[in-house]
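One structure below.
What follows is calculated from the coordinates using simple rules that are stated; it is not laboratory data. None of these values were measured; they are calculated from a predicted model. Cβ sites come from the backbone with ideal geometry, for glycine too, and all protein chains shown count toward neighbours.
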Amino acid sequence: MNVRIPTILVVDDETSTRKRIRALLHHADYNVVEARDFAGARALFERRRDEIDLMLIDVSIPGNNGCELAKAALAAKPGVQVLLMSGLAGAQVCRFYGIPATDVHFLEKPFRDSALLARVKYILGSAEPLTGTATGSTSG
């Protein structure tokens with residue numbers, strides 16, 4: 001029996017952060033593709049949208065911002081899972097950019113590796129759509 005390994009698109013302009021996340025997720029047996037800016041992420045998503053299960057997006061990326069990328073991805077593939085990362089409070093970021101807080105997950109920076117892995121596992125293991133408010137960071 002073949003088990004499909006989830007694919008995560010990591011979008012962050014900080015090379016060290018992207019490498020850390022990629023290594024962490026790869027070690028946890030996820031497929032990882034990555035981009036450093038809005039245009040690269042959008043093009044990669046358009047080419048591989050059927051494969052991508054989760055987009056892990058920094059809110060502050062060159063070329064536009066992660067919230068606009070999330071909105072575009074959600075419009076192109078309703079139901080795609082999105083986990084936004086930022087040093088700003090999640091609900092405020094979502095509200096400012098016009099994204100319903102129930103459409104995305106949120107992880108506050110800085111975060112521990114264990115918090116990221118727990119959130120990814122929760123999101124990809126969750127068959128239920130989000131309800132209520134965006135999820136905040138955990139201190140795992």
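Ranked from highest to lowest mean number of other Cβ atoms within 10 Å per residue, what is the order of the peptides 73-82, 4-13?
4-13, 73-82
Are there any GluC sites (Glu not before Pro) in the stretch 1-69 that are in a DSSP loop and have at most 16 other Cβ atoms within 10 Å? List them by number.
Here the sparse-neighbourhood loop sites are Glu14, Glu51.
Go through the stretch 40-48 residue by residue and turn each phi into a ³J(HN,Hα) via Karplus (6.51, -1.76, 1.60, θ = phi - 60°); whole Hz please, and just put x for glycine and proline.
So the J values, rounded to whole Hz, are x, 5, 5, 5, 5, 4, 5, 6, 10.
Please enumerate, by chain and number, the lysines with C-alpha under 19 Å from the C-alpha of Lys109, excluding those fewer than 8 residues away in the same chain.
Within the straight-line limit of under 19 Å, Lys109 reaches these lysines: Lys19, Lys121.
May I ask you to order 24-32, 57-65, 36-44 by the average number of other C-beta atoms within 10 Å around their residues, highest value first?
Packing proxy ranking, top to bottom: 57-65, 36-44, 24-32.
Pick out, from Gly87, Ala70, Thr7, the residue whose Cα sits farthest towards the positive end of the charge dipole of the stretch 1-89, with +1 on the Cβ of Lys and Arg and -1 on the Cβ of Asp and Glu.
So the residue we want is Thr7.
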